[in-house]
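*Asks:* One structure follows; several queries about it will come next.
The values are calculated or read from the model by the stated rules, or taken from the named source; none is laboratory data. If you're wondering where the values come from, they're calculated on a predicted model, not measured in any experiment. Don't worry about glycine lacking a Cβ; one is built from the backbone with ideal geometry, like all the others, and counts go over all protein chains shown. The area values use the complete protein model at the heavy-atom level, side chains included, leaving out ligands, DNA and RNA. Shrake-Rupley method; radii C 1.70, N 1.55, O 1.52, S 1.80 Å.
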Amino acid sequence: YESGLDGVIVQDFGVLCYIRTYFPGLAIHASTQITVTGSGGANFVKEQGISRIVPARELSLEEIKKIKLETGVEIEAFIHGAMCYCYSGQCLFSSILGGRSGNRGRCAQPCRLGYNLDGKNCYPLSMKDMCTIEFLPQLIDSGIDSFKIEGRMKKAAYAAGVTAIYRKYIDKYYQDKENFYVSEKDKSLLHSLYIRSETGDGY
């Protein structure tokens, strides 16, 4: 706080109240695990001192736009990376299986592992990775304030590479909105950095 920390992401309302009381100048952002799914929830956390919301990952772009329009609160939305099998990241699988709680930032991602089902190895809980590079124009025009790239337990090359490609195409869109397209080469590069199986465009 004294060194000029920009803000903190919070899930727990007790922690939120403590920070608001003892560190009044520190910006507080609502974690996706608070599970804000609409304007009512957004207005509630805004009244508690939240300045930015990471909405529930299950929302469509239209639902996110509606929250922004009706509340004016800053929105930080996931645009790339692993999707949590559980509702908005509220999962206890890792903590029950190995004592590492995803709700405390220590998820071991057991949902990503292969399991034996009827004698066959499969991945019944592993969702497609989110990849929205081709939807950047819609995401930018929706009024989202900040883009969030999921990177838990990833290597530095992943963080650097994914960020660089999205930065390139964000800048490209602002330079020439009419002729926006993503090259096949960059799509392949993005997929080569870390994709478990397939990709999807989220909700």
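*Asks:* What order, most packed first, do the peptides 38-47, 183-192 have when packing is the mean number of other Cβ atoms within 10 Å of each residue?
*Replies:* 38-47, 183-192
*Asks:* With a 1.4 Å probe and all protein chains left in place, how much accessible area per residue does region 78-125 have, in Å²?
*Replies:* 61
*Asks:* Next up: What are the principal axis extents of the Cα atoms in region 65-106, in Å, biggest first?
*Replies:* 42, 19, 15
*Asks:* Using mean Cβ contacts within 10 Å as the protection proxy, how do 1-13, 72-84 order, highest first?
*Replies:* Most protected by this proxy first, the peptides run 72-84, 1-13.
*Asks:* Between ALA27 and CYS122, what FRET efficiency follows from the Cβ-Cβ distance if R0 is 41 Å, with the result rounded to 0.05?
*Replies:* According to the calculation, E is roughly 0.40.
*Asks:* Using 0.36 nm times the number of residues separating ASN43 and GLN138, minus their current alpha carbon distance, what extension gain do you get?
*Replies:* 31.8 nm
*Asks:* Which of LYS66/LYS128; LYS65/LYS172; LYS65/LYS168; LYS68/LYS177; LYS120/LYS185; LYS120/LYS154 have a Cα-Cα distance over 32 Å?
*Replies:* Long pairs (Cα-Cα over 32 Å): LYS120/LYS185.
*Asks:* Still on this structure, I have one more. Determine the dipole magnitude for region 29-98: charges of +1 sit on the beta-carbon of Lys and Arg, -1 on that of Asp and Glu, nothing else is charged, the reference point is the Cα centre, and the result goes in debye to the nearest 20.
*Replies:* 60
*Asks:* Then there is this: How large is the charge dipole for the chain, taken about the Cα centre, if only the Cβ atoms of Lys, Arg (+1) and Asp, Glu (-1) carry charge, to the nearest 20 debye?
*Replies:* 700
*Asks:* With just the Cα atoms defining each centre, how far is region 3-75 from region 163-203? Give it in Å.
*Replies:* The two parts, judged by their Cα centres, are 27 Å apart.
*Asks:* Taking the Cα atoms of region 1-113 alone, what are Rg (to one decimal) and Dmax (as a whole number) in Å?
*Replies:* 14.9, 42
*Asks:* Also: Please give the residues of region 43-60, grouped as numeric ranges, whose backbone N is less than 19 Å from a label point set 7 Å along the Cα-to-Cβ vector of LYS66.
*Replies:* 43-46, 53-60
*Asks:* If each DSSP helix of 4+ residues adds -39,500 (n - 2.57) and the sum is divided by the residues in the chain, what number results at 222 nm, nearest 500 deg cm²/dmol?
*Replies:* Helix contribution divided over all residues of the chain: -10500 deg cm²/dmol.
*Asks:* Let me ask something else about it. Over all Cα pairs of the chain, how is the pair count split among 5 Å bins, expressed in % and running from 0 up to the last occupied bin?
*Replies:* In whole percents, the pair-distance histogram is 1, 7, 14, 16, 18, 17, 13, 8, 4, 2, 0, 0.
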